[in-house]
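K.L.:
Dropping a structure here in structure tokens format, bear with me for questions.
The values are calculated or read from the model by the stated rules, or taken from the named source; none is laboratory data. What you see is a predicted model; the values in this text were computed from it and never measured. All Cβ positions, even for glycine, are placed from backbone atoms using ideal geometry, and neighbour counts span all protein chains on display.
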Amino acid sequence: RISNVLLCNVTDRVSFWFVVTDPKNVTTVPGREVEAAIRMSRSRINSAFLLSDKTLQFLKITSTLSPPVEPSTPVWLIVFGVVLCLIVAGIVFLIIAGIRQHKKKNKDSTERENLEEKGEASVTAENGIPCETLDLKAGHINGVFAADDERFTSL
Amino acid sequence: LSVPPETPKEDGRPKWDNKFQYILSCIGFAVGLGNVWRFPYLCQIHGGGAFLIPYFIALLFEGIPLLHLELALGQCLRKGSIGAWNTISPYLGGIGVGSWMVSLLISLYYNTILTWVMWYFINSFQEPLPWSVCPLNENRTGLNEECYESTSVNYFWYRKTLNITPDVTESGTLQWWLILCLAACWAIVYLCTIRGIETTGKAIYVTAIFPYLVLTIFLIHGLTLPGATDGLVYLFTPNLNTLKNPRVWLDAATQIFFSLSLAFGGLIAFSSYNPPKNDCEKDAVTVAVVNSVTSLYASIPVFSVLGFKATTGYWDCLDRNIINIINEFDLPEETIMRQNYTAWLSFLNSSYPEKIAGLKLKSCDLQEFLDQSVSGTGLAFIIFTQSIILMPGSQAWAILFFIMLFSLGLSSMFGMIEGVFTPLLELRIISKSIPKELLSGIICLMCFLIALCFTLGSGSYWIDIFDSYSGSLALLVIAFFEVIGVAYVYKVKRFSKDVKWMTGRKPNLYWQITWRFISPLLLLIVLVSFVTLQIQKAPSYAAWNPKYEGFPMKEEKVYPAWVLAICVLLAVLPCVFIPLVALFHLIKRMCRSKDPSFVPPEVFSCQEANS
């Protein structure tokens, strides 16, 4: 029970000194080596005490960052590869679509030329102009003869 | 009896699918990276809300009239910038060539900025973000020294991205990762502009609308961050005393001018694909207002995030001091909190001044953190990336932010490439048999090859040079001659008649006065003040030099003579075409006037060209 625990010489902080002995000889490991080892494994020591750099302080040792993990293949190359593939696919698609459209336009115009070259007797003509070309050419609307409802007197 | 309208001439000119596409393209061209990283900075250093006064005055008397002028010009003449100015008067043809040259120079370096954005974007898919941790040095005993002395964010930007050299004369090597990203960026630009406005018209739906979505998301998130209100209050608190400084008015005028992307020739190209009977007056006002509102809208999330960053920095400073004090005085945890820090500090300072002095505490001041104002690439790649690390879910925020920057820049690139592309299509030098896809491919390939010099170690210094010299003076000069050319060579009366034919109503008194007097005068004042300010101080630059004593502060260096010569060349080259072409035509006319069979060309009119 808590009332059975008596405290004396209470300090504001839990603090202690420590030395590390070498198991092979009976000497202590020099302070500089201990400091270097603590710097390298700071995170392990913190987690052993369930504390952090802010709550566990080693005098004269400032806390440093743990070495970052570096992946084997840079992630950015993978993302870049994906992006580039999409772009190239888009360009190829648009160019092929453009070439196809160009070919279709050429085919239509050559067909029209062939029709004009062949015997015009086989082609229905009006005033010497084949009917197909009349449909294709942009005609001019003759304003005088356009069907204009206002010109006809209403019954 | 109604006479049916004449069928329009089938001139085979491409046209917009609908009006919305055209407006969106103009807005996308105008709204660019400057709306996000230059306008909030100007607001901050020029007295917060008070800056809006010169900004709106400049918009009213300089921005909107010039915008209306360019849109009406392109719509009436239905040609790109070179053809349009040749039609108005052959002596003014140099204006079109100057616009074309400026668009080319600027699109070269603008796409390199997009390259940096893309590099950060593809690096945002890692956990943890690569700019949040410092790498180890060679023997793995500690952190990399350059990174340790500055910050990990600075290190990633200056070393891992740019691999910057300490001096502009040291070119360094080509950075292969930047070359890859540059190739990808030009490939994207080619993909979108491959058939001119047929393809950009489709792409603009995404690139122009997406940034607004992301800005809204950042707005909502930014306002929930701690310290956001401090940042916003700091930004918008008006300080009317700054209006006495003429520098503020000059900055407002130049900001409006560059923000609306005037004098690039891109707006003329866009409106030349319109049907002739289109209300260009309403379009101009719409585009200008949307551009300014976007600037204001973007400054809110930017300053919320900056306020958050300042507050976090302030709290970190306080926490570090608190830990030092607690360790020194052996106090229990949580006796000193942020709220009672100042009270405790004054108490301890009066009781144990030597101990406190021995701790060498840094003074923490929130105002100081807020005062660290940056604009341009520093804002996006250093300050904002630092703030993103502090937010939970940083990868998502980083990805969103960089896609937004990329779309903003890409839609501006469309306008500039169109300003280069359309006049070339109309020149009789390029034979009709070259398909559009090949021409745009050639333009993109050549720009990519020239822009490779920006991927050198000294590339970012060169981009600063291009930004300051090719993108500023020439545009002001070209715009001044545009207004003078239309107002006094073509005559405002004739222009008003053309605009009336297109929109159905005569331009009212506001347009008459601004076109005739106010805009040319304002532009002349801005031009002269700009040149005087540039000449006053010797051009210098700030170099990132790890071996400098004051590192991580940047080292102030002066440009050597040959670099200065290039600066002057960049500024003067587009402007020099204006007098050259006029002189060329003058000489041609003097030779021709001796020829008796020469018939002077007819006077041009907008209506006759379109009937």
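K.L.:
From the list B:G196, B:G172, B:G227, which residue is within 25 Å of B:I45 (Cα to Cα) and modelled with pLDDT under 90?
P.N.:
Numbers: B:G196 fails: within 25 Å of B:I45 (Cα to Cα); B:G172 fails: within 25 Å of B:I45 (Cα to Cα).
Just one listed residue meets the conditions, B:G227.
K.L.:
Then there's this: How many residues, within segment A:70-101, are at pLDDT below 75 and at the interface with chain B (Cβ under 9 Å from one of its Cβ atoms)?
P.N.:
The number of residues fulfilling the criteria is 2.
K.L.:
Here is a further query. Residues of segment B:433-448 being part of a helix (DSSP H, G or I) and among the hydrophobic types (A, V, I, L, M, F, W, C), which ones?
P.N.:
Scanning segment B:433-448 gives B:L438, B:L439, B:I442, B:I443, B:C444, B:L445, B:M446, B:C447, B:F448.
K.L.:
Tell me the residue from B:P14, B:P40 that is more than 23 Å from B:V285 (Cβ to Cβ) and either touching a strand residue (DSSP E or B) at 6+ places or on another chain (Cβ under 9 Å) or within 14 Å of chain A (Cβ to nearest Cβ) (or both), please. Steps first, please.
P.N.:
On the way: B:P40 fails: either touching a strand residue (DSSP E or B) at 6+ places or on another chain (Cβ under 9 Å) or within 14 Å of chain A (Cβ to nearest Cβ) (or both).
Exactly one of B:P14, B:P40 is more than 23 Å from B:V285 (Cβ to Cβ) and either touching a strand residue (DSSP E or B) at 6+ places or on another chain (Cβ under 9 Å) or within 14 Å of chain A (Cβ to nearest Cβ) (or both), namely B:P14.
K.L.:
Give segment B:331-345 a look and list any residue that's surrounded by fewer than 20 Cβ atoms within 10 Å (Cβ to Cβ) and under 47 Å from the mean Cα position of the chain (by Cα), or say none.
P.N.:
Filtering segment B:331-345 for residues surrounded by fewer than 20 Cβ atoms within 10 Å (Cβ to Cβ) gives B:331-335, B:337-345.
Result: B:M337, B:R338, B:Q339, B:N340, B:Y341, B:T342, B:A343, B:L345.
K.L.:
Another question, then. Among the candidates B:I484, B:I566, which residue alone is free of Cβ contacts under 8 Å to residues at least 40 places away in the same chain and in a helix (DSSP H, G or I)? Break it down stepwise before answering.
P.N.:
Numbers: B:I566 fails: free of Cβ contacts under 8 Å to residues at least 40 places away in the same chain.
Just a single option satisfies the conditions, and that option is B:I484.
K.L.:
I would also like to ask the following. Hey, any hits in segment B:166-174 for a residue that's assigned to a helix (DSSP H, G or I) and either touching a residue at least 40 places away in the same chain (Cβ under 8 Å) or more than 23 Å from the chain's Cα centre (by Cα) (or both)?
P.N.:
Taking segment B:166-174 as the starting set, the residues that turn out to be assigned to a helix (DSSP H, G or I) are none.
Within segment B:166-174, none of the residues are assigned to a helix (DSSP H, G or I) and either touching a residue at least 40 places away in the same chain (Cβ under 8 Å) or more than 23 Å from the chain's Cα centre (by Cα) (or both).
K.L.:
Is it the case that B:Q367 is at pLDDT 85 or above, closer than 25 Å to B:L219 by Cβ and in a helix (DSSP H, G or I)? Show your work before the answer.
P.N.:
On the way: at pLDDT 85 or above: no; closer than 25 Å to B:L219 by Cβ: yes; in a helix (DSSP H, G or I): yes.
So B:Q367 does not fit the description; no.
K.L.:
I need the full set of residues from segment B:276-305 which are modelled with pLDDT of 90 or more and not in a helix (DSSP H, G or I), in order please.
P.N.:
Answer for segment B:276-305, where residues must be modelled with pLDDT of 90 or more and not in a helix (DSSP H, G or I): just B:D279.
K.L.:
Further question on the same structure: Regarding segment B:18-29, can at least one residue be identified that is at pLDDT 90 or above, part of a loop (DSSP other than H, G, I, E, B) and surrounded by fewer than 24 Cβ atoms within 10 Å (Cβ to Cβ)?
P.N.:
The answer is yes, given that some residue of segment B:18-29 is at pLDDT 90 or above, part of a loop (DSSP other than H, G, I, E, B) and surrounded by fewer than 24 Cβ atoms within 10 Å (Cβ to Cβ).
K.L.:
So which residues in segment B:220-231 are surrounded by 21 or more Cβ atoms within 10 Å (Cβ to Cβ) and either under 20 Å from the mean Cα position of the chain (by Cα) or in a helix (DSSP H, G or I) (or both), if there are any at all? Full working, then the answer.
P.N.:
Within segment B:220-231, the first condition is being surrounded by 21 or more Cβ atoms within 10 Å (Cβ to Cβ), and the residues that meet it are B:222, B:227-228, B:230-231.
Of everything in segment B:220-231, those that are surrounded by 21 or more Cβ atoms within 10 Å (Cβ to Cβ) and either under 20 Å from the mean Cα position of the chain (by Cα) or in a helix (DSSP H, G or I) (or both) turn out to be B:G222, B:A228, B:D230, B:G231.
Per-residue answers, yes or no, for (1) surrounded by 19 or more Cβ atoms within 10 Å (Cβ to Cβ); (2) touching a residue at least 24 places away in the same chain (Cβ under 8 Å):
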| residue | (1), (2) |
| --- | --- |
| B:V285 | no, yes |
| B:V289 | no, no |
| B:V293 | no, no |
| B:F303 | yes, yes |
| B:G313 | yes, yes |
| B:C317 | no, yes |
| B:I323 | no, no |
| B:F329 | no, yes |
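K.L.:
Just one of (1) over 30 Å from B:S433 (Cβ atoms); (2) modelled with pLDDT under 90; (3) part of a helix (DSSP H, G or I) trips up A:T133, so point out which.
P.N.:
Among (1) over 30 Å from B:S433 (Cβ atoms); (2) modelled with pLDDT under 90; (3) part of a helix (DSSP H, G or I), A:T133 violates only (1).
K.L.:
Here are some residues: B:I204, B:I217. Which one is surrounded by fewer than 20 Cβ atoms within 10 Å (Cβ to Cβ), at pLDDT 90 or above and aliphatic (A, V, I, L, M)? Steps first, please.
P.N.:
Working: B:I204 fails: surrounded by fewer than 20 Cβ atoms within 10 Å (Cβ to Cβ).
Of the residues listed, the single one that is surrounded by fewer than 20 Cβ atoms within 10 Å (Cβ to Cβ), at pLDDT 90 or above and aliphatic (A, V, I, L, M) is B:I217.
K.L.:
Report whether or not B:S412 is of a type in the set (G, A, S), in a helix (DSSP H, G or I), exposed (fewer than 14 other Cβ atoms within 10 Å of the Cβ) and away from chain A (no Cβ under 14 Å).
P.N.:
Details: of a type in the set (G, A, S): yes; in a helix (DSSP H, G or I): yes; exposed (fewer than 14 other Cβ atoms within 10 Å of the Cβ): no; away from chain A (no Cβ under 14 Å): yes.
When the stated conditions are applied, B:S412 does not pass them.
K.L.:
If you scan segment B:102-129, which residues turn out to be within 8 Å of another protein chain (Cβ to nearest Cβ) and either of a type in the set (K, R) or surrounded by fewer than 21 Cβ atoms within 10 Å (Cβ to Cβ) (or both)?
P.N.:
Residues satisfying the conditions are B:F125, B:Q126, B:P128.
K.L.:
Inside segment B:388-404, can you point out the residues that are in a helix (DSSP H, G or I) and either within 19 Å of B:A310 (Cα to Cα) or of a type in the set (G, A, S) (or both)? Spell out the reasoning first.
P.N.:
Step one: filter segment B:388-404 for residues in a helix (DSSP H, G or I), giving B:388-390, B:394-404.
Result: B:I388, B:I389, B:L390, B:S394, B:A396, B:W397, B:A398.
K.L.:
I'd like to check something: does segment B:69-87 contain any residue that is hydrophobic (A, V, I, L, M, F, W, C) and surrounded by fewer than 20 Cβ atoms within 10 Å (Cβ to Cβ)? Full working, then the answer.
P.N.:
From segment B:69-87, those hydrophobic (A, V, I, L, M, F, W, C) are B:69, B:71-73, B:76-77, B:82, B:84-85; that's our starting set.
Within this subset, residues satisfying the condition of being surrounded by fewer than 20 Cβ atoms within 10 Å (Cβ to Cβ) are none.
Looking through segment B:69-87, none of the residues is hydrophobic (A, V, I, L, M, F, W, C) and surrounded by fewer than 20 Cβ atoms within 10 Å (Cβ to Cβ).
K.L.:
For segment A:8-50, give me the residue count where each residue is modelled with pLDDT of 80 or more and under 22 Å from B:E334 (Cα atoms).
P.N.:
Final tally of qualifying residues: 4.
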